[in-house]
Amino acid sequence: MSVYGVNLPWLHGSYGHDLAENEHYPDWGYAFDTADYGRPLREAGELGFGATRIWLCEYGEGLVTDSRGRITGLHPALLENVARLSEVSAKLGQQVYWTLLDANSVPRSGDALTCSILADRDQTARFAELVAAPIARALDPRLTFAVEALNEPEVLTPSCAAVDAPSSETPSWNTLSWETVGRALRTIGDAVRAELAVPVTAGTMHVFLDSLWQAEPHLDAVDVHIYHDNGGLPPAAQLAALTADPRVGGTIPVFAGECGLPEEGTVPPAVRLAHYLYNAEPSGYAAVFLWRLEGFLVQQDASRRITNAGQEVREALMHRIAERSRQ
């Protein structure tokens, strides 16, 4: 049966500084509030989701570096706040899909730190030893659905460079080869697996899956990101053919870590977003995570009102749960 989850990548809209300090902007502090940090998790549970996808080190959040930019460790707050989120998830009976790095911070914000982690072998090794391994040791294996080493690696490669190039306001950066990305993912993934027996992934838009797989990232599951105007999912068999790997959809499970909608379209979004929940199991997916809780399914303001899309998704989830209970 498929796991139905929702994306909660950063709390309260605080990308890159929700769980710990970010050395890019030390004056920001971080947004984690002990009074309400559990609220989004509870909201996800109330809508019917059994899992959340949470990002940890996006835009270099929580990383400590020396004067030469070399990683030396983690801000203690990151592990402390991960523990607090884990406690709430355990009480709610939710799993968590933890994401370490977000490749999008490089082209969008000129994030040299994240780029160096993937491009420089020594920096990759430091991240693996001093960040990925300690985080993996701190995670509860009973709650951890999977660990994503890197979100959307394709944006760093020539495959996306012409489309998602940095603006004139961000520093220039050199694209990375798929081989370089694959090497970094192997190193980080090995560090995670040495501490925690869970699948390691790297979510990618499905059109780039073949390039990622050819880079030999040694991933334990396929995670494709889909933004379809009617909630469609490419069947697992199609992804197996795309990667030329018959294990995909079998011993290598298929996840959809981001299921969202393109901005254009005329069909009401509430109807279309719920379609992913119905399409998951027939398409061979072990899990789908809708994009996203705050701002899409729940208002990201003081009201925390469930949106029309949230109401539709809740009804769909209740229907799926009822169907399972009858089986």
Query - Some residue of region 77-90 being touching a residue at least 12 places away in the same chain (Cβ under 8 Å), assigned to a strand (DSSP E or B) and more than 25 Å from Ala221 (Cβ to Cβ) - result: no
From the option list Glu43, Glu61, single residue qualifying as of a type in the set (D, E, K, R), in contact (Cβ under 8 Å) with a residue 40 or more places away in the chain, over 21 Å from Ala149 (Cβ atoms) and surrounded by 18 or more Cβ atoms within 10 Å (Cβ to Cβ) is Glu43
The helices (runs of 4 or more DSSP H) lying entirely within region 98-161 that contain at least 2 residues which are buried (at least 21 other Cβ atoms within 10 Å of the Cβ) and either touching a residue at least 40 places away in the same chain (Cβ under 8 Å) or not small (Gly, Ala, Ser) (or both) are 105-109, 112-119, 121-127, 133-138
Here, strands (runs of 3 or more DSSP E) confined to region 1-71 with at least 1 residues that are closer than 25 Å to Val288 by Cβ and of a type in the set (A, V, I, L, M, F, W, C) are 3-7, 51-55
Scanning region 286-321 for residues that are crowded, with 20+ Cβ neighbours inside 10 Å, part of a loop (DSSP other than H, G, I, E, B) and either touching a helix residue (DSSP H, G or I) at 6+ places or on another chain (Cβ under 7 Å) or on the phi > 0 side of the Ramachandran plot (or both) gives Leu293, Phe296, Leu297
* Asked: Quick check: anything in region 152-160 within 20 Å of Leu79 (Cα to Cα), modelled with pLDDT of 95 or more and either in contact with a helix residue (DSSP H, G or I) (Cβ under 8 Å, 6 or more places away or on another chain) or of a type in the set (D, E, K, R) (or both)?
  -> no
Only one of Leu92, Leu74, Leu79 is closer than 23 Å to Leu277 by Cα, surrounded by fewer than 23 Cβ atoms within 10 Å (Cβ to Cβ) and of a type outside the set (Ser, Thr, Tyr), namely Leu92
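The values are calculated or read from the model by the stated rules, or taken from the named source; none is laboratory data. Here the structure is a predicted model, which is why all the values come from computation and not from measurement. Quick reminder, even Gly has a Cβ in these numbers, built from the backbone with ideal geometry, and neighbours come from all protein chains shown.
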